[in-house]
1. With the condition being touching a Pro at 6+ places or on another chain (Cβ under 8 Å) and either modelled with pLDDT of 95 or more or open to solvent by 10 Å² or more (accessible area, probe 1.4 Å) (or both), I'd like the helices (runs of 4 or more DSSP H) fully within region 250-364 carrying at least 3 qualifying residues.
2. Within region 80-100, track down each residue that is β-branched (Val, Ile, Thr) and either in contact with a Pro (Cβ under 6 Å, 6 or more places away or on another chain) or farther than 28 Å from ALA132 by Cβ (or both).
3. With respect to ASP54, is the statement that it is of a type in the set (D, E, K, R) and at pLDDT 95 or above true?
4. If I filter region 109-123 for residues that are of a type in the set (Phe, Trp, Tyr), open to solvent by less than 10 Å² (accessible area, probe 1.4 Å), part of a helix (DSSP H, G or I) and more than 26 Å from ALA80 (Cα to Cα), do I get at least one hit?
5. Of all residues in region 31-72, how many are open to solvent by 20 Å² or more (accessible area, probe 1.4 Å) and farther than 16 Å from TRP212 by Cα?
6. Restrict the check to region 38-61 and report whether at least one residue is closer than 28 Å to ARG256 by Cα and within 25 Å of the chain's Cα centre (by Cα).
7. Part of a helix (DSSP H, G or I) and touching a residue at least 24 places away in the same chain (Cβ under 8 Å): is that true of GLY183 in this structure?
8. Restricting the first residue to region 305-330 and requiring it to be within 19 Å of THR272 (Cβ to Cβ), which pairs with a second residue that is of a type in the set (A, V, I, L, M) and open to solvent by 70 Å² or more (accessible area, probe 1.4 Å) meet a Cβ separation below 6 Å and a spacing of at least six or different chains?
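The values are calculated or read from the model by the stated rules, or taken from the named source; none is laboratory data. As the structure is a prediction and not an experimental result, all values here were calculated from the model. Cβ sites come from the backbone with ideal geometry, for glycine too, and all protein chains shown count toward neighbours. Keep in mind that these areas ignore ligands, DNA and RNA; they rest on the heavy atoms of the full protein, side chains included. Shrake-Rupley method; radii C 1.70, N 1.55, O 1.52, S 1.80 Å.
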Amino acid sequence: MDITRSPGITPQIGSAEDATREARASTVLSPRFYTTDYAAMNRLDMAPLRAQFDAMLEEYEGDNNHDHFQRGADFAAEVAQLAPTWPPALRDEFLAFLVSSLTSEFSGCVLYNEIQKHVDNPDVKRLMRYMARDESRHAGFLNQSLKDFGLGVDLGQLKRTKAYTFFKPKFIFYATYLSEKIGYARYITIFRQLERRPDLRFHPIFRWFERWCNDEFRHGESFALILRAQPGLLRGLNRLWIRFFLVAVYATMYVRDHQRPELNAAMGFDATEYDYTVFRITSEISRQVFPFTLDIEHPAFRRGLDRLWQVAEGMAAAKARGGLLGRVRQAGLALVGVATFARLYLLPTRPSVLPAEVRVAPAW
């Protein structure tokens, strides 16, 4: 399918109301808010990995990022100096990136806080309280960057009005483990790139990414320990769910990133190579817990992701066109998207041998 870039695929955020509306949107690609089965969460047993779990809780207690998410007057001054130099398309894509990132971080904050309020299990309660603390800092820091442009999101309104999706605990574990690890891989890849090329650092927030992504890494470690301590979640039919979430998370990231060409170019990235760098890091890390990884180098995998991106572009164009023909076009492309996802799902995977020591170091 050969199509040109569709109009209106990146939202134009011109007010705080626009930012809150964008954060509240529920689409295939937008971050979601979740609720879950708290009674099932309460039954989690960390005894099989007690020593590793307790050591991780001690790290959370140490709170090595307690002083990180603060900014001085020089932060806003640098934004004021750099922002007028941005092309309009970069401004739109960067602001959309901030809103999407804020929504994702705040989603974790809300979920973890709700779990810790509704469970009595001391291990789960303590862990969720620490992770909610971290995500609250991340969301607040991102929101402050939006406020530099007069676009701060009303987080209270967002919590009250955004639609919530119910996920069983195991789906929370698979999806959140991947999102935290992929978040680490994304942030550290951006940080290393701009460390090599400081001339491309068009906003000061990127200086925070190295220590920030270590929070993401530790959150992923938490879910790795939960999954390995409940080995049934990694066997049998659950392997099919693991494969589903791997394909879904990778495909969502690929499509979303390819809808932000100006943002990637401003950081000196080719979107495809950036995404495959992130996939490789995430796949290497995920061997700690998942019994297989996706064969991301398979030519059919690459073709399938490109196809999904083209489908998303075509659906945006059809939506902008409107009318009966636009709706028919959207429906046809939706079927193409489902078939493409199914082919990706059925591709061969690469088996992994789970290590005895679950935790890994953020060494990238």
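1. Working: elements: 261-266, 271-286, 299-321, 323-345.
Hits in region 250-364: 299-321.
2. Within region 80-100, the first condition is being β-branched (Val, Ile, Thr), and the residues that meet it are 85, 99.
Result: THR85, single match.
3. For ASP54, the condition - of a type in the set (D, E, K, R) and at pLDDT 95 or above - is met.
4. Looking only at region 109-123, we keep the residues that are of a type in the set (Phe, Trp, Tyr), and these are 112.
Then drop every residue that is not open to solvent by less than 10 Å² (accessible area, probe 1.4 Å), which leaves 112.
From the residues that got through so far, the ones that are part of a helix (DSSP H, G or I) too are 112.
Keeping just the survivors that are more than 26 Å from ALA80 (Cα to Cα) gives 112.
Among the residues of region 109-123, at least one is of a type in the set (Phe, Trp, Tyr), open to solvent by less than 10 Å² (accessible area, probe 1.4 Å), part of a helix (DSSP H, G or I) and more than 26 Å from ALA80 (Cα to Cα), which makes the answer yes.
5. Filtering region 31-72 down to residues open to solvent by 20 Å² or more (accessible area, probe 1.4 Å) leaves 31-32, 34-35, 37-40, 42-45, 47-52, 54-55, 58-59, 61-64, 66-72.
With farther than 16 Å from TRP212 by Cα added as a condition, the list becomes 31-32, 34-35, 37-40, 42-45, 47-52, 54-55, 58, 61, 72.
Of the residues in that region, 23 qualify.
6. Step one: list which residues in region 38-61 are closer than 28 Å to ARG256 by Cα, which gives none.
No, there is no match, as no residue in region 38-61 is closer than 28 Å to ARG256 by Cα and within 25 Å of the chain's Cα centre (by Cα).
7. Values: part of a helix (DSSP H, G or I): yes; touching a residue at least 24 places away in the same chain (Cβ under 8 Å): yes.
Judged against the criteria, GLY183 is a match.
8. That search, which allows pairs on different chains as well, returns GLN310/MET1.
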